[in-house]
Amino acid sequence: MARAVKKKMPMVALDGMIIIPGMIVQFDITNHDSLISNIEASMHRNQLVFITSRNGQGEEVTTETVNTIGVVSKVRELTKLSGNIVRVHVEALSRAELISVDDNEGIYIAEIRVINKPDNVLELKVEDEEKSKAQIEEVAEMMAMVRMLRDMFIKYSKSNPKAVKNMERRFSEVNNISDLIDSIAGSMPLIPGDRLKILNAIDVRERFMVLSSILTREIEVDNIKRDLSNSIKSKVEKNQRDYVLREQMKLIRKELGDDTSVSDIDTFREELSKLKATDEVKEKIAKEIDRFSRLPSESSESSVQRGYIETVLEMPWDKASKDSKNIDKAEKILNRDHYGLEKVKERVLEFLAVRALTEKGDSPIICLVGPPGTGKTSIARSVATALNKKYVRISLGGVRDEAEIRGHRRTYVGAMPGRIASGMKSAGVKNPLMLLDEIDKVSSDYKGDTSSALLEVLDSEQNCRFRDHYIEIPIDLSEVMFIATANDINSIPRPLLDRMEVINVTSYTENEKFHIAKEHLIKKQYKANGIKNSSLKIEDDALMSIIRHYTKEAGVRGLERCISQICRKAAKEIIQDGKSRVKVTKDNLADFLGMEKYHFDPANEKDEVGIVRGLAWTAVGGDTLQIEVNVMPGKGEIILTGQLGDVMKESASTGISYIRSIAGNYGIAADFFKEHDFHIHIPQGAVPKDGPSAGITMATAVFSAITEKEVRAQVAMTGEITLRGRVLPIGGLKEKLLAASTAGIKTVLVPVKNKPDVEDISDEIKGGLDIIFVESMEEVLKYALV
């Protein structure tokens, strides 16, 4: 249907400008531009010029550097503007294909093939009998294309009324498919690439497909754009509506004199936006704030809700402090604050080393077990300082309600979070050091078992989502370093004990107490009582005398009280008597502290029959017990005095049974035990005594009394006895050896199975003691009897 005619005319190649037949356009060129020559040449002929566009392949005008499809255009007007600029008005008439270009002294003459448009579909009479069937189908196809383009353009114009203003009526009168395609393409704001595709499509069907795809794409883009615009508009309208309603609510509440809750809601929302927490936590808190905003401020539920929101906003959900990784600095701090406690310090430094290597490392759960006053609580504070952690202390002594740990449910009046959650809130970070003091003193009643509630807290596999009944949002305790303290490990339930790493904090030796007093206690009490170093001098022999004769304890609390008493009396003398310096010596110590309170029973000066020195462990350290046995005519009764416990009575019976079994080996008559009574007595009858460790001591005393053989005065012993005479291991060995050393004992008999315990004890305690390991009563009698 398209026909081609060859012509020659001047040529203009434009940069980035695509012209389609039917368009009336204008472009500017300079007087010095080579294009002006071609325009003027066309004006001298028939005002026709071939216009195409450059393809970016070069500056010269050739068939390779320009698009071969262009338009034959008629120059309508030339207008000279300032700055040597000429404005050219042209009308694009028809497509043409470039065949060749001749450069005639700067004027480019193009040989072109003009591509004529197909006939108007309305001029083809379908009813003409001479028309072939193919022509009829072609006419129908063209008419279908025309109608389809009109429908599509109507849809496009509805989305772009300004871009194609008043075009619908004009296009409704165009019946030539080629003219319609070019008119629509020329009126639309297309990108140069799309316009070039339409220009290059010589075949009308191809051109129709190109424009149809462009119109379909633009309509779809406009639909998406409209949906996005509506969505944004509705969101903005909702925000504006909410703002207006909120402002109205403020005014209403202000008129009612009830505008405090509104300010609280705004404050809560502002704090929530700044809160470091997971989306789950923030979503839960946001719901609670919305619920609070709907409650009347005068209702009791409003105050409960306000308290809850304040609590959860103060929780350190994802806020953490930066731990110190400097091991040397941590060790220096621990040694500065505490003397001894080597195992505790070593464990903390191990944790620091692992944290430095792994960047994470599980926080340890440690239980310090030892007598009162040995520094268990104070070392926890030093550990927190050494690790640069926040310190929280929770006293569990006497706690018997599960709600103390897990919190109360909000349905109860006066509900509050548990001690764990409250501790986290006061710390302000999620990785503090939390001290669970006196964990062995917790109890249970009908309200629940406190120890069972602690199982989840101290389980590293579970405490990452600890749920407090009040908070109701899982709390991460996995980064908390727990340190628990206890005096008696036996009162801690086994499942709870299994979750903790137990470190035994043993009694202090005299030397350790001396160093603690010199390096810490004296300085502390000087500061507390306003004493200058130059005003009071406590000599070393006086300090050692305080330790030996005025205190009897495993720790140093009593020692600190004695030093405090000396400082107070010295302060009185300085102020009242005008003394410039007070000196405390061993000789004048009684003037400050009174008469000596405690005396260690020294080792007996001579060997005796039926008297044996035993070693005992007490809650305040070790002690020596002198066991006495008398044998007298009777009926074979065994008398036990000295307030002995059931286990100790059984040990005495076991020892006598063993001696009866070996009586024949030592020439003891068979009826001796029927005709004599045995009285076993342990002095200090007001003090309850129990345990199996005095078994070999009582057996030795009974054997000595029966055989009338003397027991060495310089020998002390400890160990459990069996019916067959075997010696079993015992506990509290450090304290017992310390008591033996203090009493001046030279030889100590210890069960052979306690050898590893002896090796762990410092040479300071073992020094001067001859420790003999025994496995049977025969060995005990061998070393004990003269």
**OP:** Give the residue that is farthest from the chain's Cα centre (by Cα), with candidates limited to residues of region 689-724 that are in a helix (DSSP H, G or I) and small (G, A, S).
**Re:** A705
Original post:
Only one of (1) closer than 22 Å to K197 by Cβ; (2) open to solvent by 80 Å² or more (accessible area, probe 1.4 Å); (3) assigned to a strand (DSSP E or B) fails for Q26. Which number is that?
Top reply: (1)
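Check region 621-629 and report whether any residue there is at positive phi, surrounded by 20 or more Cβ atoms within 10 Å (Cβ to Cβ) and in contact with an Asp or Glu (Cβ under 6 Å, 6 or more places away or on another chain). If you could, list the steps in order and put the result at the bottom.
Narrowing region 621-629 to residues at positive phi: 621.
From what's left, surrounded by 20 or more Cβ atoms within 10 Å (Cβ to Cβ): 621.
Applying the additional criterion that residues be in contact with an Asp or Glu (Cβ under 6 Å, 6 or more places away or on another chain) yields 621.
Checked region 621-629: at least one residue is at positive phi, surrounded by 20 or more Cβ atoms within 10 Å (Cβ to Cβ) and in contact with an Asp or Glu (Cβ under 6 Å, 6 or more places away or on another chain).
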Subject >> Residues located in region 751-786, provided they are more than 20 Å from N604 (Cβ to Cβ) and open to solvent by less than 50 Å² (accessible area, probe 1.4 Å) >> reply: P751, N754, V758, I761, I765, K766, G767, V774, S776, M777
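Could you list, in sequence order, all residues of region 588-602 that are touching a strand residue (DSSP E or B) at 6+ places or on another chain (Cβ under 7 Å) and closer than 23 Å to G622 by Cβ? Let's see the steps before the verdict.
Residues of region 588-602 touching a strand residue (DSSP E or B) at 6+ places or on another chain (Cβ under 7 Å): 592, 601.
Once the filter is applied, which keeps residues that are touching a strand residue (DSSP E or B) at 6+ places or on another chain (Cβ under 7 Å) and closer than 23 Å to G622 by Cβ, region 588-602 yields only D601.
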Subject >> K527 farther than 19 Å from G370 by Cβ and among the charged types (D, E, K, R) >> reply: yes
**OP:** With respect to G664, determine if the residue is closer than 24 Å to L738 by Cα and out of contact with any helix residue (DSSP H, G or I) (no Cβ under 8 Å at 6 or more places or on another chain).
**Re:** no
Subject >> Number of the condition not met by M152 [criteria: (1) surrounded by 13 or more Cβ atoms within 10 Å (Cβ to Cβ); (2) closer than 30 Å to R54 by Cβ; (3) at pLDDT 80 or above] >> reply: (2)
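With the structure loaded, tell me whether P602 is open to solvent by 60 Å² or more (accessible area, probe 1.4 Å) and under 26 Å from S693 (Cβ atoms) or whether it fails that test.
Values: open to solvent by 60 Å² or more (accessible area, probe 1.4 Å): yes; under 26 Å from S693 (Cβ atoms): yes.
When the stated conditions are applied, P602 passes them.
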Original post:
So, in region 495-509, of the ones that are assigned to a loop (DSSP other than H, G, I, E, B) and farther than 24 Å from L559 by Cβ, which residue ends up most open to solvent (accessible area, probe 1.4 Å)?
Top reply: R499
Subject >> Evaluation of A453 against (1) modelled with pLDDT of 85 or more; (2) more than 17 Å from the chain's Cα centre (by Cα); (3) of a type in the set (A, V, I, L, M, F, W, C) (one fails), failing number >> reply: (1)
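Has region 476-494 got at least one residue that is part of a strand (DSSP E or B), of a type in the set (S, T, N, Q) and crowded, with 18+ Cβ neighbours inside 10 Å? Steps first, answer last, please.
The initial filter retains those residues of region 476-494 that are part of a strand (DSSP E or B), namely 481-486.
Add one more test, that the residue is of a type in the set (S, T, N, Q), and what stays is 485.
Narrowing the set further to residues that are crowded, with 18+ Cβ neighbours inside 10 Å leaves 485.
Yes: region 476-494 contains one or more residues that are part of a strand (DSSP E or B), of a type in the set (S, T, N, Q) and crowded, with 18+ Cβ neighbours inside 10 Å.
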Original post:
What is the one condition in (1) in a helix (DSSP H, G or I); (2) at pLDDT below 90; (3) open to solvent by 40 Å² or more (accessible area, probe 1.4 Å) that A686 does not satisfy?
Top reply: (1)
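Could you go through region 72-87 and let me know if any residue there is within 19 Å of K117 (Cα to Cα) and of a type in the set (A, V, I, L, M).
There is at least one residue in region 72-87 that is within 19 Å of K117 (Cα to Cα) and of a type in the set (A, V, I, L, M).
The values are calculated or read from the model by the stated rules, or taken from the named source; none is laboratory data. Fair warning: this is a prediction, and the values are worked out from it, not measured in the lab. In this analysis, Cβ positions are derived from the backbone assuming ideal geometry, glycine residues included, and neighbour counts consider all displayed protein chains. Ligands, DNA and RNA are stripped out before the accessible areas are found, and what is left, the full protein with its side chains, is counted by its heavy atoms. Shrake-Rupley method; radii C 1.70, N 1.55, O 1.52, S 1.80 Å.
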